Amino acid sequence: MRSFRSLLRDVWEAIMGLMMSQYAETVELTWDVADVYGVQIDGEGWYLKIAIDEEQPEVAVISFHPLERRLKTRGGWVNP
């Protein structure tokens, strides 16, 4: 089992390395608007949903988990 520190590093690297080709869609939430991305980490597809507050500025990670099903991004399909 991987350590929490290792997982946190993967999350940080995925967010810092986001590219427009990984963008899937923008979704309206109850209190925010969030962007959805499909990213690959060690050959596995991951679902990433973030909200960006440009006034702060800050990024809130709302979801970050393995894909449950294929996700279409601007760069193509990301598989679980």
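Where a number appears in this text, it was derived from the coordinates with a stated rule and is not lab data. Here the structure is a predicted model, which means the values were calculated and not measured. Reconstructed Cβ throughout: ideal geometry from the backbone, glycine too, with neighbour counts over all protein chains shown.
Numbers at a glance
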item	result
Taking N as its residue count, the alpha carbon Rg of the chain over 2.2 N^0.38 Å	1.09
Phi-based couplings in Hz for the range 4-20 (Karplus 6.51, -1.76, 1.60; Gly and Pro marked x)	4, 4, 5, 5, 4, 5, 4, 4, 4, 5, 5, 5, 5, x, 4, 10, 4
Those trypsin sites (Lys or Arg not before Pro) in the range 1-72 that DSSP places in a loop and that have at most 16 other beta carbons within 10 Å	R2, R69, R70
Vicinal HN-Hα couplings computed from phi for the range 66-71 (Karplus, 6.51 cos²θ - 1.76 cosθ + 1.60; Hz; Gly/Pro x)	x, 4, 8, 8, 4, 10
Full-extension gain in nm, M1 to D42, via 0.36 nm per residue minus C-alpha separation	13.3 nm
GNM flexibility winner over the chain from W31, W46, W12 (Cα, springs under 10 Å)	W31
